[in-house]
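First up is the structure itself, then whatever we jot down about it.
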Amino acid sequence: GFAPQLQGSRALVHVDIDARQIGKSYAPTHAIVASAADLLGELADRLPALDGPMPRALEVQRQSLLPSHTIGRIAPQDALREIQDLLPRDTIYTVDSGEHFLFAVQYLELDEPDAFIVMTGLGSMGQSIGAAIGAQLALPHRTVAAICGDGCFAMNAFEIATAVTERLPIRVFVFNDGRLGMVENGHEKVYGRRPQYPTTPRDVCEVARGLGAAV
């Protein structure tokens, strides 16, 4: 699912504590084997104190993608912007594995260190709703939102019934493209063929409503 326009002409630096992971998915222009603590500690020691506006070289850069253009559909990056406009700045986002995860990494703007929960170890599809339930139980005063794909929703949608039973006000945003997009793209990238993995027919809202959620 990685697209060249996400990187543009800038350097791609891969930092990982495990040297075997360097370059495993993408070809970096620079590689650093270090823990996050060591890397950030060294950067903090070497960079001058930041008084006033942030230097241009340290600004976070985000690539702009084309806005929504298909009638009746919204582009993922636009959906994420609208979600953030609606929810408080300290919202906790739990994110599933899939193409929507890549957009979430790129376009979610977070202020709190605990505001992004994702299990990348095994690429667990469907974990975001359960993770949202756990986060809401632990921090009932915070807004919690699950961002999942339609394929992930199909795997663990019944956790919505758990949230309803426990009266937990989690929000669930389903990015529905009617297919297992990352699976199709992965087959094309790895095997050079593109089998179809549709998730239709499925009415996400009707399923959620049937489980007791407000839609």
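The values are calculated or read from the model by the stated rules, or taken from the named source; none is laboratory data. On a predicted model such as this, the values are computed, not experimentally measured, just so you know. Glycine gets a Cβ as well: all are built from the backbone with ideal geometry, and neighbour counts include every protein chain shown. Heavy atoms of the whole protein, side chains included, go into the accessibility calculation; ligands, DNA and RNA do not. Shrake-Rupley method; radii C 1.70, N 1.55, O 1.52, S 1.80 Å.
Loop-located GluC sites (Glu not before Pro) in segment 143-215 (DSSP state other than H, G, I, E, B) with a sparse environment of at most 16 neighbouring Cβ atoms within 10 Å: GLU166.
First compute the accessible area of segment 92-215 with a 1.4 Å probe, then give the percent of it belonging to carbon and sulfur atoms.
On the way: 3700 of 6590 Å².
C and S fraction of accessible area: 56 percent.
Taking label points 7 Å from Cα along the Cα-to-Cβ direction, ALA44 and ALA31 give a separation of 2.8 nm. Counting charges near ALA154 (Lys, Arg +1; Asp, Glu -1) among other residues having Cβ under 14 Å from its Cβ returns a value of -4. Normalised by the number of residues in segment 59-162, the mean separation of alpha-carbon contacts (under 8 Å, six or more apart) gives a relative contact order of 29 percent. Over the chain, calculate the relative contact order: mean separation of alpha carbon pairs under 8 Å at least 6 apart, over the residue count, as a percent. Computed value for the chain: 15 percent relative contact order.
Just to confirm the filter: which chymotrypsin sites (Phe, Trp or Tyr not before Pro) across segment 116-170 are DSSP coil and have at most 12 other Cβ within 10 angstrom of their Cβ?
Working: sites: PHE116, PHE153, PHE158; in loops: PHE158.
Sites meeting the loop and neighbour criteria: PHE158.
Rounded to the nearest 10 degrees, what's the angle between the helix 76-86 long axis and the longest principal axis of the chain, both from Cα atoms, 0 to 90? Helix 76-86 and the main axis of the chain meet at about 80 degrees.
Show that you can apply the helix-only estimate: for the chain, add -39,500 (n - 2.57) for every DSSP H stretch of four or more residues, divide by all residues, and state [θ] at 222 nm to the nearest 500.
Values: 8 runs with 75 residues, N = 215.
After summing the helix terms and dividing by the residues of the chain, the value is -10000 deg cm²/dmol.
For the chain, what is the percent of antiparallel DSSP beta bridges, rounded to the nearest 5?
Of all bridge pairs located within the chain, approximately 5 percent are antiparallel.
Taking the chain, the Cys residues with no second Cys beta-carbon under 4.7 angstrom are CYS205. For the pair SER68 and ARG20 in one chain, pulling the backbone fully straight at 0.36 nm per residue adds 13.4 nm over the alpha carbon distance.
Using 0.36 nm per residue of separation minus the Cα-Cα distance, give me the extension gain between PHE116 and ARG167 in nm, one decimal.
Details: separation 51, 0.36 × 51 = 18.36 nm, distance 2.25 nm.
Going from the current span to full extension adds 16.1 nm.
Remark: the ASP78-SER9 segment gains 22.5 nm on full extension, using 0.36 nm per residue and subtracting the alpha carbon distance.
Just to confirm, what accessible area per residue do you get for segment 61-208 at 1.4 Å probe, in whole Å²?
On the way: 8350 Å² over 148 residues.
Per residue, segment 61-208 has 56 Å² of solvent-accessible surface.
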